[in-house]
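Each reported figure results from applying straightforward, stated rules to the coordinates on display, with no laboratory input. None of these values were measured; they are calculated from a predicted model. Glycine also receives a Cβ, built like all others from the backbone with ideal geometry; neighbour counts cover every protein chain displayed.
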Amino acid sequence: MEIPYAVHPRPDTGIYNAKVGIWLFLASEVMLFGALFSAYVLIRVGTPPGEWPHGWQNVTLGTLNTLVLALSAITTLMAWVACKVRQFGKFKFFHGCTLLLALTFLCIKGFEYDDHLTHYEIHLTAGSNAGGSIADGHMVENDPKKDYVIIKGRFVNDEQELIDLRSQKDIRETELKIPRSQIKDMQSYGPWHNDYLALYFTMTALHALHILGGSIVIGYLWGPGRKLWKVDPEHFTNRVEVSGLFWHFVDLVWIFLFPVLYLM
Amino acid sequence: METIVHEFPPYREHEAAHEPGAHGHHEDIGFWRKYIFSTDHKIIGIQYGFTALCFMLFGFFLMLMMRWQIAHPGAPIPVLGPLLAKILGQPAAGGVMSPELYNSFGAMHGTIMVFLAIVPLAFAAFGNYVVPLMIGAPDMAFPRVNMASYQAYVLGGLVMLVSFFIPGGAAQAGWTSYSPLATSIPTDGQLFWIIGMILLITSSLLGAVNFIATIIQLRAPGMTWMRLPFFVWAQFVTAFLLLLAFPPLEAAAIMQLMDNVVHTSFFLPTGLAVGGQLAHISGGGSPLLWQHLFWFLGHPEVYVLILPAMGIVCEIIANNTRKPIWGYKSLVYSVLVVGFLSFIVWAHHMYLTGMGTKIATFFQATTMMISIPSVIILTCLFISLWGGSIRFNTPMLFALGFLPMFGIGGLTGLPLGLAPTDIPLHDTYYVIAHFHYVVAPGTIFALFAGIYYWFPKMTGRRMNEFWGRVHFWGSLVFMNLVFMPMFAQGLEGMLRRMSDGGANYSAARVPGVLDTLPNDIMALHTWILWAAVALGVAQIPFIINLFWSMSHGEKVESDNPWGATTLDWQAPTPPPHGNFAEPPQVYRGPYEYSVPGHATDFTPQNEPDRPGTPVFSPAH
């Protein structure tokens, strides 16, 4: 039994089945990310004035990642064009590039995550003051056997100073050795830290999972899936197109995530 | 119109090259691939149907035990109590249901009935079996995605079932899982619930994509949009509701998962106290956000439950009145409008949350608007009965039962759609009675009707007519005896979710004074309990009939025992892999019954026009 229009477009609708399927799937993805973006709006609007963090992300890395994904969108398109004109060598080259760019994106993202998760805000006990009531910086040494921790950062007196970092251009960071006896509580800048980071981690992690999923599909087409090319190049080209549509959607999500989480 | 259809290439062009003349060939693919890991839409439909019926029975037993606890708080449950004590231990010590267990049974009854029983049965089972046949397709557009959809559903169901046996038991925060309650109750059951839901949402999503793509792409030549049977239209709109309404709940589930596991504060407000202690959270979240996201799914979900039922009822009414359905176009446009409006009514579940009167006004307006197309649909179905020579067989009895039952459910919903009347009725048994009238004697009756109606196509045998009638009358009487008293209880102010049925609530007040529940209202608990038991007994003929008729039922005399017009009845019985012997060509609308001058009182959609035959089609 053969499913009609699995490869060739149906005359009256003008498209083949998988293309209908992927567009419908993308519609549901719009609703998924749309719900997260509306959660972002609702939570941000509900935050008291002056408490929404600014300048907590590395805009340079974010911009770099935006360019990486934009470039991967181009290579994805070129890979599909290469299939259309039946140049399989070019397809391999361009989708190889896509895969490398996807990997680059994930590496940069991982580096950013690591940067947040090793960043600590340490509340000090009263009177232990070295230069402020809060120590804030990246963990250098946190050995449970030793009775102190070392961070590379600074002291501040008010938590408010940590909220908006846009105007604080030259933060001087030094290595600070803090005895554990002086630590009231200590928390890294993970998703539990506040709602901004909760949104940041949830939205970017879900996006990164989409990048990973897309990479697996593209990797399959680039690797073992290429057998189909010899049997039915039309069908293979369709698969490249469908995976490409997904990839462009994932890129588009990032185009919204970047300003919302890094710039605004 | 016919000029277009000839451009379509014939089906199975490739296959025809290998096996000239062969149709519906049965390759030996073995038991596992044929019945367990099947990609055939009919097998998957039956898998869905069977699994969903099992879950429905399970959900019914949960409810039965809860009804005992409500009627006899603190008394050991007869028959099932010792079993419960043995399986669950402490929460059911001595066969008595603890309040915590009542809460988890309540939450799981709702979850199982909605997400594991009705939706899979109404949408996935009937949709899978019937839609490709009705549109003249050889299968669904993506057979393997279809299989994955069923597997995700089973997996989600298993996760839900397993959660009963973990320490702390299943989720206890109601089927709505409102935060912060859902995050505060110390059981991992909520985690299982979320993971189960994510799997079920995935399953619905895969199913919805498949249905829409199938209906758009695989309609047989000549099957134009306005020639689609109303059932297909209903499933088409339902699929869009699932496709677009479920993802926001998935997003919400991910956020609640983060709240529970990573200790974020998406839904947890600043200053939240749990057990008298200030919770160790960052705060700043919004409990209202969960409710918005939940009901953004929750309300379209109501239409996911009801639209396929309306589709089934429409097919059966057209078939058994032997005349065209009244107002086919009105039905189609109404179902589209219902689908659209169902996305903008969700906050009528939230009048008591303090979201503001302006927002409430908007949602009251949209809620009143959506009742218009719903009433049009019901009215078309009622008017279709007018002047028909009605055949009162079992499917038709259930379909006819659906009409007034859904009517009661729908009309009692109007006071809940308006904030001034909703506020005193909110969270009372009135609400329970209202939505159960929509879903239980409403949708479930339509599903029974569908099972009796399509059983001959699935098996080549009819279900027993006498026991079918016993099943119908028993169900009709006891359904009403169960749910009608709840309106009275609710109007007297009895709240839902009270594990003792309001005994403490009443005892805490001076008897006879305003606010206590009158004795006769409390006495209705016993009444409802035994009516529910009797309702269970009334299902026994159905269960036996279903299995007995598979091998012993009266054999059908033809492929089209009901004399139906739609393509599903023109396929071989039971339809082979690939469905149709010859690729069907469609010439007419779906409900050409009793066309004057035609030899039979039905004209199948694939019957070619003959010169001199009067043509009636709702599409023209």
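I need the Debye-formula profile for chain A: one equal scatterer per C-alpha, no solvent, reported as log10 I(q)/I(0) at q = 0.07 1/Å, two decimals.
Debye curve over Cα of chain A, log10 I(q)/I(0) at q = 0.07 Å⁻¹: -0.37.
Whole Å is fine, so just give me how far the alpha carbon centre of the stretch B:529-561 lies from that of the stretch A:14-63.
49 Å
When ranked by the protection proxy of mean other Cβ atoms within 10 Å per residue, highest first, what sequence do the peptides A:251-259, B:171-179, B:117-125 form? Write out the running numbers ahead of the final one.
Numbers: A:251-259: 18.1, B:171-179: 21.9, B:117-125: 27.3.
Ranking, from highest mean packing down: B:117-125, B:171-179, A:251-259.
How do A:ASP232, A:ASP143, B:ASP559 line up, fewest other C-beta atoms within 10 Å first? List each step's numbers first, then the result.
Working: A:ASP232 12, A:ASP143 9, B:ASP559 17.
By the 10 Å Cβ count, ascending, the order reads A:ASP143, A:ASP232, B:ASP559.
Sorted by mean Cβ packing within 10 Å, highest first, what order do the peptides B:309-316, A:133-140, A:85-92, B:234-241 take? Show your work: numbers first, answer last.
Working: B:309-316: 29.6, A:133-140: 19.0, A:85-92: 14.0, B:234-241: 27.1.
With the highest mean Cβ count within 10 Å placed first, the list reads B:309-316, B:234-241, A:133-140, A:85-92.
For chain A, modelled as a Gaussian network with Cα springs under 10 Å, which listed residue fluctuates most, A:SER215, A:SER72, A:SER38?
A:SER38
Among B:THR573, B:THR270, rank each residue by its count of other Cβ atoms within 10 Å, from fewest to most, as a rough exposure measure.
Details: B:THR573 18, B:THR270 14.
If I rank by nearby Cβ atoms, fewest first, I get B:THR270, B:THR573.
Between A:PRO53, A:PRO233, A:PRO179, which gets the highest mean-square fluctuation from a Gaussian network model of chain A, Cα cutoff 10 Å?
Among A:PRO53, A:PRO233, A:PRO179, the largest GNM mean-square fluctuation belongs to A:PRO179.
Using the structure shown, select from A:LYS84/B:LYS42; B:LYS323/B:LYS555; A:LYS84/A:LYS109; A:LYS146/A:LYS184 the pairs with a Cα to Cα distance greater than 28 angstrom.
Details: A:LYS84/B:LYS42 37 Å; B:LYS323/B:LYS555 26 Å; A:LYS84/A:LYS109 33 Å; A:LYS146/A:LYS184 17 Å.
Beyond 28 Å between Cα atoms: A:LYS84/B:LYS42; A:LYS84/A:LYS109.
Expressed in nm², what is the orientationally averaged projection area of the convex hull enclosing the Cα positions of the stretch B:90-148? Working shown, then result.
On the way: hull surface 22.9 nm².
Result: 5.7 nm².
Just need the Rg to Rh number for the protein assembly as shown, please, alpha carbons only, Kirkwood Rh.
Values: Rg = 30.2 Å, Rh = 30.1 Å.
For the protein assembly as shown, the value is 1.00.
Let me know the volume per residue of the alpha-carbon convex hull for the stretch B:38-197, in Å³.
Details: hull volume 18.5 nm³, N = 160.
Given the Cα convex hull of the stretch B:38-197, per-residue volume reads 116 Å³.
To the nearest µm²/s, what D does Stokes-Einstein give for the stretch B:447-599 at 25 °C and 0.890 mPa s, using the Kirkwood radius over alpha carbon pairs as Rh?
Working: Rh = 19.8 Å.
Rounded to a whole number, D works out at 124 µm²/s.
So for A:THR66, B:THR357, fewest C-beta neighbours within 10 Å to most, what's the order? Each step should come with its number before you reach the end.
Details: A:THR66 18, B:THR357 11.
Exposure proxy ranking, most exposed first: B:THR357, A:THR66.
What size of dipole, in debye to the nearest 20, comes out for the protein assembly as shown about its Cα centre when the only charges are +1 on Lys and Arg C-beta atoms and -1 on Asp and Glu C-beta atoms? Intermediate values should be presented prior to the final figure.
Numbers: 46 positive and 56 negative charges, 174 e Å.
Using Cβ point charges on Lys, Arg, Asp and Glu, the protein assembly as shown gives about 840 debye.
Regarding the stretch B:331-446, what are the three Cα extents along the principal axes, ordered largest first, in Å?
Here the spans come out as 52, 31, 18 Å, largest first.
Counting only other chains, and only Cβ atoms inside 10 Å, what mean value do you get across the residues of B:427-437? It would help to have the intermediate numbers written out before the result.
Values: counts 0, 0, 0, 0, 0, 0, 0, 0, 0, 0, 0.
Other-chain Cβ atoms within 10 Å of each residue's Cβ, averaged: 0.
Can you give the mean number of other chain Cβ atoms that lie within 10 Å of the Cβ atoms in peptide A:181-191?
Values: counts 0, 0, 0, 0, 1, 0, 1, 0, 0, 3, 9.
If you average over the peptide's residues, the count of other-chain Cβ atoms is 1.
Evaluate the Debye formula for the stretch A:172-234 with equal point scatterers sitting on the alpha carbons, no solvent, and hand back log10 of I(q)/I(0) at q = 0.18, 0.29 Å⁻¹, in q order, two decimals.
Treating every Cα as an identical point scatterer, log10 I(q)/I(0) equals -0.83, -1.10.
If you count, for each residue, the other Cβ atoms within 10 Å and average over each peptide, how do B:521-534, B:437-450 line up from highest to lowest? Mind dumping the intermediate values first?
Values: B:521-534: 18.0, B:437-450: 25.1.
Packing proxy ranking, top to bottom: B:437-450, B:521-534.
Restricting everything to alpha-carbon atoms, can you work out Rg to Rh for the stretch B:312-375 with a Kirkwood hydrodynamic radius?
Values: Rg = 16.3 Å, Rh = 13.7 Å.
Result: Rg/Rh = 1.19.
Where the Cα atoms of chain B are projected onto their three principal axes, how long is each span, largest first, in whole Å?
Sorted from largest, the Cα extents of chain B read 81, 52, 49 Å.
Relative to the Cα centre, what is the charge dipole magnitude of the stretch A:222-264, using +1 at the beta carbon of each Lys and Arg, -1 at the beta carbon of each Asp and Glu, and rounding to the nearest 20 debye?
Numbers: 4 positive and 4 negative charges, 45 e Å.
The calculated dipole for the stretch A:222-264 is roughly 220 debye.
Peptide A:193-203: average number of partner chain Cβ atoms within 10 Å per residue?
Working: counts 4, 5, 10, 2, 2, 11, 4, 0, 3, 8, 2.
Shielding by partners across A:193-203 averages 5.
Given 0.36 nm per residue, what is the gain on full extension from B:ALA93 to B:LEU155 after removing their alpha carbon distance, in nm? Write out the running numbers ahead of the final one.
Details: separation 62, 0.36 × 62 = 22.32 nm, distance 2.98 nm.
The span from B:ALA93 to B:LEU155 would gain 19.3 nm if fully extended.
Just the Cα atoms of the stretch A:60-197: what Rg and Dmax do they give in Å?
Final numbers for Rg and Dmax: 22.1, 74 Å.
Mark the label point 7 Å from the Cα of A:ARG226 along Cα→Cβ and return the residues of the stretch A:232-263 whose backbone N is within less than 18 Å of it.
Under cut-off, by backbone N: A:232-241, A:243-244.
From the helices alone, meaning DSSP H stretches of at least four residues, give me the mean residue ellipticity at 222 nm for the protein assembly as shown, per-run term -39500 (n - 2.57), in deg cm²/dmol to the nearest 500. Present the calculation step by step, with values, prior to reporting the outcome.
Working: 28 runs with 499 residues, N = 884.
Per the formula, -19000 deg cm²/dmol.
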